[in-house]
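The values are calculated or read from the model by the stated rules, or taken from the named source; none is laboratory data. Please read all numbers here as calculations on a predicted model, not as lab measurements. Neighbour counts run over all protein chains shown; Cβ positions are idealised from the backbone, glycine included. Ligands, DNA and RNA are stripped out before the accessible areas are found, and what is left, the full protein with its side chains, is counted by its heavy atoms. Shrake-Rupley method; radii C 1.70, N 1.55, O 1.52, S 1.80 Å.
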Amino acid sequence: RSKESVHSGVHRGNDVVVLQALYAVNHARPIGEAGTRIPAHLSAMGRAMMAHLREEELTELLAGPLVGLTPKSITDPVRIRHELKHVRVSGVAVQKDGVVLGLGNIAAPVLIKGRPMGAVAVQFDSAREVSESVINAVKLTAHRICRDTTQMLAQGRADLFPFDD
């Protein structure tokens, strides 16, 4: 729908691990292919998930040192915490030029039982603004994954996600 590259990933340690990447034909420089590890604090997927971590988990993750990949990478824990407040309100995280110069991502978390199970993201040229339709599509995709997973868990597969509500 976005005609851009899309990614899904999970939070592991201090990183996001890209699980799947579908590349747009016109993108010569995707941010990450399956298996790529990106520092969570730099990526939109990471921030989308970090916004829903428990306080002690977030404090540990931001204890640092927080590395940057470009001159525009955000590594200040105070600034990251401020951005995470915005993510909780808006439902999406955005990063521009923090992982690869010229590229950005917008991501929404996949929340199960209030916990971040993963995230989905759309990549874009950071010189352009992201359309409201793309933002809504990212949110809707994450919502549908949450809904479908919650239904699966309710049908006797709760062992796949053992976290309490």
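To the nearest 500 deg cm²/dmol, what mean residue ellipticity at 222 nm is calculated for the chain from DSSP H runs of n ≥ 4 alone, each contributing -39,500 (n - 2.57), summed and divided by the residues?
Calculated at 222 nm, the ellipticity per residue is -9500 deg cm²/dmol.
Which sequence of GLU55, GLU60, GLU83 reflects their accessible areas, 1.4 Å probe, from the largest down?
Solvent-accessible surface, decreasing: GLU60, GLU55, GLU83.
Just to be sure I understand, if you calculate Cα extents along the principal axes in Å for this structure, which of (i) 51, 33, 28; (ii) 47, 32, 23; (iii) 45, 37, 29 do you get?
Correct label is (iii).
Could you order ASP97, ASP125 so the one with the most accessible surface comes first? Probe is 1.4 Å.
Heavy-atom accessible area, descending, gives ASP125, ASP97.
With +1 assigned to the C-beta of every Lys and Arg and -1 to the C-beta of every Asp and Glu, and no other charges, what is the dipole magnitude of the chain about the Cα centre in debye, to the nearest 20?
With Lys and Arg at +1 and Asp and Glu at -1, about 320 debye.
Extension gain THR59-ALA154, at 0.36 nm per residue separation less the Cα-Cα distance, in nm?
Length gained between THR59 and ALA154: 31.0 nm.
Quote the relative contact order of the chain in percent (integer), defining contacts as alpha-carbon pairs under 8 Å separated by 6+ residues.
In percent, rounded to a whole number, it is 22.
Could you tell me how far the Cα centroid of segment 67-87 sits from the Cα centroid of segment 111-142, in Å?
Comparing the Cα centres of segment 111-142 and segment 67-87, I get a distance of 18 Å.
Out of the total accessible area of segment 96-140 (probe 1.4 Å, heavy atoms of protein only), what percent is carbon and sulfur?
58
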